[in-house]
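The values are calculated or read from the model by the stated rules, or taken from the named source; none is laboratory data. The structure displayed is predicted, hence computed values, not measured ones. Virtual Cβ from ideal backbone geometry, glycine too; neighbours counted across all protein chains shown. Side chains are part of the model used for accessible areas, which takes the heavy atoms of the whole protein and leaves out ligands, DNA and RNA. Shrake-Rupley method; radii C 1.70, N 1.55, O 1.52, S 1.80 Å.
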Amino acid sequence: MIPLAAFEEIIDASGVAPQIEAILPIGVRARQLTVRTLLAGMCLTQADGRPAHLTRVHQALTTLGEDDQRRLGVTADWKHGPHRLTYRQTEYTFGLVADALGKDEPDGLPSGPLQAVCDGLLEASVPGQLKDASRSLAVDWTDLESFSRPPPRGTSDCADPEASWGHRKNNLLRTQDELFYGYHLSAGVMVPEENGPAVPELARRATASSCRHDPVRAFAPVLTAMPGQGIPLGDILDDSGYAHRDAAAWAIPLRAAGAQLVQDLHPRDRGPKGTHEGAIIANGCLYCPRTPRSLLELGPLARTATKEQAADHDRKTAELSRHKLGRLTADDADGYHRVQCPAVIGKIRCPLRPASMTLDRDRPEILTPPEHPQACCAQQTITVPADVLAKTAQKHDYPSAAWRRSYARRTGAERGFATAKDPAANHITRGWCRLMGLTPLMLFTTTLLVVRNQRILAAWTARQQETQRRAAAGLPPKTRKRRRKTLAGLAAGPP
């Protein structure tokens, strides 16, 4: 059970309560329920595994101890004696907050103040000692179903007009996506740096958007705003759903904000995709015109690959990297940089570069150079404009072993959604929140992620203390037991 003091500390550290109070209308009589107490009640509701209903928020506040109720204003002295908070007051205050943070004309995207409140709460749920532990974020989106029934065929009227039809993956045998009516929930989860120590996988940013909007375009401004808030960006790990978007929607804004992309390329973006100054454009890099086609068409290693297949795949990707043009400069202010022929650098042997023919024969050799050499073979260097590799360029060569090890961290985003959708605690399905509109749903989802971060921190702290205790006792670190049932074990068991 997460104590109330932990949620109060997060709410106070975020500073969102006084910001919301400042934009709320002032009535004739002072409200008994403050925004700070309302947010604390929403967090308590999610911590207890209750649905995101206002009746549950009222129940969570009125079941606190008498001292806490007095301190938070749940019980107040009125003219005729003590007065306990009513459900109607809870509903009234929440309605004021939702109206103040929402848009005058809802369009399925969060308003600026709403996104700022959610960002503040999530960032405050990350302890100070862990804020700089890692700059890498794994991003993904998932479904967030509305309680509203979709409008009948041929109409557009329903209880939640901001929601829309979307697609989600399912675990059924069929390959078709499943339809749902609601919103996209996007989140960025903190993951370890490359070759860095482990860190708790905490959700640092999240947003919700109607399914009629692209979740990638909706989430990109949330991430690019982080450097302005004092949080520099590092590696951004995303799947092909993000990488397949046009460069202006995802890759360019994030690179401009200082991020380095580690992403899985969509099958349509893999392999040779034209040339630049004679060099072959493939997988976000430029390669020698005589690079073997079989190497350029290499795809990512299959999950079911054996050790021998993995070693062969790594050998091929290492050979492919020898044919890649070497980068000489970083991007300038306009995104231009210069590259050099791999034979000039000494990675391959080519008759068009006589000096390279004196290199050891363990390097690949170009046996049939181009009859009419273009700029990449005739000049010492060539300039690469910003638009040539804007969409597919990333931190590591795709699909090399270094890329595979780095990209493996992206599963942190999937684990983040799995813990937020745990049926044993908070199961975000239809009916979890029965309030209509993006603003109420996003507020409750943010408090759920805050609670989820506290659970992850508690488990992380317990593991760290156990590791330190075992180290002090001279014991090896505790490893996870692999629970695997074998046929021999089943046969030896009771009938």
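Some observations on this one:
- Matching residues, the stretch 256-295, being closer than 28 Å to Gln229 by Cβ, buried (at least 19 other Cβ atoms within 10 Å of the Cβ) and free of Cβ contacts under 8 Å to residues at least 40 places away in the same chain: Ala259
- Residue that is assigned to a loop (DSSP other than H, G, I, E, B) and touching a residue at least 60 places away in the same chain (Cβ under 8 Å), where the choices are Pro106, Pro113: Pro106
- Criterion violated by Ala492 - all others in (1) more than 29 Å from the chain's Cα centre (by Cα); (2) open to solvent by less than 70 Å² (accessible area, probe 1.4 Å) satisfied: (2)
- Listed conditions (1) open to solvent by 60 Å² or more (accessible area, probe 1.4 Å); (2) in a strand (DSSP E or B) are all met by Asp334, apart from (2).
- Residues of the stretch 379-418 classified as in contact (Cβ under 8 Å) with a residue 12 or more places away in the chain, in a helix (DSSP H, G or I) and either farther than 26 Å from Leu298 by Cβ or open to solvent by less than 60 Å² (accessible area, probe 1.4 Å) (or both), total: 12
- Residue in the stretch 316-331 that is nearest to Ala378 (Cα to Cα), counting only those that are of a type in the set (A, V, I, L, M) and open to solvent by 40 Å² or more (accessible area, probe 1.4 Å): Leu328
- Extreme residue, farthest from Ala386 (Cα to Cα), among residues of the stretch 338-368 that are of a type in the set (Lys, Arg), assigned to a loop (DSSP other than H, G, I, E, B) and under 45 Å from the mean Cα position of the chain (by Cα): Arg363
- Enumeration of residues in the stretch 297-315 that are closer than 19 Å to Gly271 by Cα and exposed (fewer than 12 other Cβ atoms within 10 Å of the Cβ): Ala302, Arg315
- The single condition from (1) charged (D, E, K, R); (2) touching a Lys or Arg at 6+ places or on another chain (Cβ under 7 Å); (3) in a helix (DSSP H, G or I); (4) open to solvent by less than 50 Å² (accessible area, probe 1.4 Å) that Glu8 fails is (2).
- Top-ranked residue in the stretch 116-155 [being charged (D, E, K, R) and part of a loop (DSSP other than H, G, I, E, B); ranked as surrounded by the most Cβ atoms within 10 Å (Cβ to Cβ)]: Arg135
- Some residue of the stretch 228-235 being of a type in the set (Gly, Ala, Ser) and without any contact (Cβ under 8 Å) to a residue 60 or more places away in the chain: yes
- Thr329 of a type in the set (S, T, N, Q), closer than 27 Å to Glu193 by Cβ and either touching a helix residue (DSSP H, G or I) at 6+ places or on another chain (Cβ under 6 Å) or without any contact (Cβ under 8 Å) to a residue 40 or more places away in the chain (or both): yes
- Any chance Ala76 is touching a strand residue (DSSP E or B) at 6+ places or on another chain (Cβ under 6 Å) and open to solvent by 20 Å² or more (accessible area, probe 1.4 Å): yes
- When restricted to residues that are within 23 Å of Gly284 (Cβ to Cβ) and surrounded by fewer than 15 Cβ atoms within 10 Å (Cβ to Cβ), the stretch 342-378 contains 1.
- Looking only at the stretch 422-437, residues that are under 30 Å from Asp157 (Cβ atoms) and either open to solvent by less than 70 Å² (accessible area, probe 1.4 Å) or more than 22 Å from the chain's Cα centre (by Cα) (or both) come to 10 in all.
- Gly234 vs. criteria among the small types (Gly, Ala, Ser), over 24 Å from Phe444 (Cα atoms) and in contact with a strand residue (DSSP E or B) (Cβ under 9 Å, 6 or more places away or on another chain): yes
- Arg31 part of a helix (DSSP H, G or I) and open to solvent by 50 Å² or more (accessible area, probe 1.4 Å): no
- Elements of type strands (runs of 3 or more DSSP E) contained in the stretch 156-226, each with 3 or more residues being touching a residue at least 60 places away in the same chain (Cβ under 8 Å) and buried (at least 17 other Cβ atoms within 10 Å of the Cβ): 178-190, 203-210
- Considered as a group, the residues in the stretch 419-452 that are part of a helix (DSSP H, G or I) and touching a Lys or Arg at 6+ places or on another chain (Cβ under 9 Å) include one that is nearest to Ile11 (Cα to Cα), and that residue is Thr439.
- Single residue of the stretch 39-67 satisfying the filter (buried (at least 24 other Cβ atoms within 10 Å of the Cβ) and among the β-branched types (Val, Ile, Thr)) that is farthest from the chain's Cα centre (by Cα): Val57
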